[in-house]
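Notes follow once the structure below has been shown.
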Amino acid sequence: MVIGFPDIEYTNRKIVAPMNLADLDVIVTAPPAPGWGGRYWLLVKVTTDTGVTGWGECYASAVGPEAMTAIILDVFERHMAGENPENIERMFRRVYSSGFTQRPDPTVMGAFSGLEMACWDILGKDRGRPVWALLGGRMNDRVRAYSYLYPLEQHPVPAFWGDAEMAAEAALDLVARGYTAVKFDPAGPYTMHGGHQPSRYDIERSAAFCAAIRGAVGPRADLLFGTHGQFTASGALRIAAAIAPYDPLWFEEPVPPDDLEGLATVARGTPIAVATGERLTTAAEFAQALKHGATILQPALGRAGGIWEGRKIAALAQTAGAQVAPHLYAGPVEWAANIHLSVAIPNLLIAETIETGFHAALIKNSLNVEDGYIAAPTAPGLGIEVDEALARAHPYTGTGLHLEMQDDPPRYDAPHLFEGGAPVKGD
């Protein structure tokens, strides 16, 4: 007996021609002052031997842009050139294991992450489908967005960073634009001396910010309390006790990323959900964060291993009853990757967004926030059109890293502000 379907005709079946990764161009572009999103963005343009081009962004800040460009080129030439862009897991394993490592490396994985994004952009364009359609399909028709509180035109800086009333005005502006969550981090600067105990100035300022912002927005927006891993576990719990009455949705990165036991101590000691992930890379590190009490994971896809690794991280979180809130302190190409992951996963909480004219112009306004949400992209690939001429017209000429820790120790005799991550003027 012959088993088959003789009545089905296959004349319309699309035959996908094989293609291989052929060329790479790295563009280091610097957003104009004040530089929200970091001093520079590392964009990668990958082209196949069939002429399909994909874009990605590497969120890597441990070495300068010239050194990072060399690493990106080496990772591509050594582990990816000549490979079919479909073979993402194979390329990931090569890079993850290279140099006899087989362990998370934020710099090497940062290089791979942007290149991996470009592979997904290529695959989506080749198949005429958005990237989320290749990740399991559309789970969410739109993605809830949040933004950091940035100074409005009338707000003087650096005074803004320590003024709760100005922060409340910025929060009201975001709520008026449709945002349902706002992030702020008034608990002092992050320094190479972390973890440390907060000063009383840090604690009282943190409580004052939460009180003023909650009083201004009421139930219309969640409060997202950010820190940058600068505290010991006991110090973070002192901050948590001061802000808990204002019901923040999360306490972000309360201890340094290598202090897993401290993370567990904080998670056990406060009713506020603990969020982390900006500085973690690969599912291996995120699995440990879940094991030690994190209930909101914040992968930055330009560092965490790319879109496919982000999908794995989301699946790990799902099994633990945790949610995902992709992190963004970079440019709009990483943001686009974050959005596609967000559309595809069932345990999405929210996605970070930075709205500046340069972010929008660099992708020719191809993705937008409307009333606090981003609609699922419909164009093939990442759904963006990169303005390559604009990117090249803003080269980075400074000497600073994308982000930097402060050398000076924390102060206890006077207020000590974190100035919002903006680059130093002229750098």
query = For segment 203-237, what are the residues that are among the charged types (D, E, K, R), in a helix (DSSP H, G or I) and either in contact with a Pro (Cβ under 6 Å, 6 or more places away or on another chain) or surrounded by 19 or more Cβ atoms within 10 Å (Cβ to Cβ) (or both)?
reply = Arg205, Arg214
task = Confirm whether Arg78 is at negative phi and part of a loop (DSSP other than H, G, I, E, B).
result = no
query = Taking the stated definitions as given, is Lys364 among the basic types (Lys, Arg) and not in a helix (DSSP H, G or I)?
reply = yes
request  = Among the residues of segment 273-301, write down those that are part of a helix (DSSP H, G or I) and not hydroxyl-bearing (Ser, Thr, Tyr).
outcome  = Ala283, Ala284, Glu285, Phe286, Ala287, Gln288, Ala289, Leu290, Lys291
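Here is a check on your reading of the model: is Pro34 touching a Lys or Arg at 6+ places or on another chain (Cβ under 9 Å) and modelled with pLDDT under 95? Walk me through it before giving the result.
On the way: touching a Lys or Arg at 6+ places or on another chain (Cβ under 9 Å): yes; modelled with pLDDT under 95: yes.
Judged against the criteria, Pro34 is a match.
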request  = Looking at (1) touching a residue at least 40 places away in the same chain (Cβ under 8 Å); (2) touching a helix residue (DSSP H, G or I) at 6+ places or on another chain (Cβ under 7 Å), find the lone condition where Leu290 falls short.
outcome  = (1)
request  = Could you list all residues from segment 102-129 that are more than 22 Å from Cys58 (Cβ to Cβ) and outside any loop (DSSP other than H, G, I, E, B)?
outcome  = Asp126, Arg127
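Report whether or not Gly137 is within 29 Å of Val324 (Cβ to Cβ), at pLDDT below 95 and part of a loop (DSSP other than H, G, I, E, B).
On the way: within 29 Å of Val324 (Cβ to Cβ): yes; at pLDDT below 95: no; part of a loop (DSSP other than H, G, I, E, B): yes.
No: the conditions fail for Gly137.
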key: Single residue of Asp49, Asp74, Asp121 found to be among the acidic types (Asp, Glu) and either surrounded by 15 or more Cβ atoms within 10 Å (Cβ to Cβ) or touching a Lys or Arg at 6+ places or on another chain (Cβ under 6 Å) (or both)   = Asp121
inquiry  = If a residue must be hydroxyl-bearing (Ser, Thr, Tyr) and buried (at least 24 other Cβ atoms within 10 Å of the Cβ), how many such residues does segment 238-253 contain?
reply    = 0
request  = Name every residue in segment 332-368 that is surrounded by fewer than 18 Cβ atoms within 10 Å (Cβ to Cβ), hydrophobic (A, V, I, L, M, F, W, C) and within 17 Å of the chain's Cα centre (by Cα), in order of residue number.
outcome  = Ala360
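From the list Glu89, Glu153, Glu83, which residue is in contact (Cβ under 8 Å) with a residue 40 or more places away in the chain, part of a loop (DSSP other than H, G, I, E, B) and surrounded by fewer than 21 Cβ atoms within 10 Å (Cβ to Cβ)?
Of Glu89, Glu153, Glu83, the one residue that is in contact (Cβ under 8 Å) with a residue 40 or more places away in the chain, part of a loop (DSSP other than H, G, I, E, B) and surrounded by fewer than 21 Cβ atoms within 10 Å (Cβ to Cβ) is Glu83.
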key: Hits in segment 329-353 - residues which are farther than 13 Å from Glu116 by Cβ and in a helix (DSSP H, G or I)   = Pro332, Trp335, Ala336, Asn338, Ile339, Ser342, Val343, Ala344
request  = Mind listing whichever residues of segment 302-328 are under 18 Å from Lys183 (Cβ atoms) and either among the aromatic types (Phe, Trp, Tyr) or outside any strand (DSSP E or B) (or both)?
outcome  = Ala325, Pro326, His327, Leu328
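Here's a check for you: in segment 257-272, which residue that is in a loop (DSSP other than H, G, I, E, B) and either in contact with a Ser or Thr (Cβ under 9 Å, 6 or more places away or on another chain) or on the phi > 0 side of the Ramachandran plot (or both) is surrounded by the most Cβ atoms within 10 Å (Cβ to Cβ)?
At the first step, the residues of segment 257-272 found to be in a loop (DSSP other than H, G, I, E, B) are 257-259, 270-272.
Then drop every residue that is not either in contact with a Ser or Thr (Cβ under 9 Å, 6 or more places away or on another chain) or on the phi > 0 side of the Ramachandran plot (or both), which leaves 257, 259.
Working: Pro257: 18, Asp259: 20.
Ranking the qualifying residues of segment 257-272, first place goes to Asp259.
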inquiry  = I need the full set of residues from segment 147-173 which are closer than 23 Å to Ala325 by Cβ and out of contact with any Gly (no Cβ under 8 Å at 6 or more places or on another chain), in order please.
reply    = Ser147, Leu149, Ala167, Ala170, Ala171, Leu172, Asp173
ask   = Listed residues Asp408, Asp371; which is in contact (Cβ under 8 Å) with a residue 60 or more places away in the chain, within 30 Å of Gly188 (Cα to Cα) and charged (D, E, K, R)?
value = Asp408
remark   = By residue number, the members of segment 156-173 that are touching a Leu at 6+ places or on another chain (Cβ under 8 Å) and touching a residue at least 60 places away in the same chain (Cβ under 8 Å) are Pro158, Trp161, Gly162
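Of all residues in segment 18-48 being closer than 16 Å to Asp387 by Cβ and among the charged types (D, E, K, R), which is farthest from the chain's Cα centre (by Cα)? Spell out the reasoning first.
Quick first cut of segment 18-48, residues closer than 16 Å to Asp387 by Cβ only: 25, 27-32, 37, 41, 43-45.
Restricting the remaining residues to those that are among the charged types (D, E, K, R) gives 25, 45.
Numbers: Asp25: 22, Lys45: 19 Å.
The qualifying residue farthest from the chain's Cα centre (by Cα) is Asp25.
The values are calculated or read from the model by the stated rules, or taken from the named source; none is laboratory data. This structure is a prediction, so every number in the text was calculated from the model and none was measured. Using ideal geometry, Cβ is built from the backbone for each residue, glycine included, and neighbour counts are taken over all protein chains shown.
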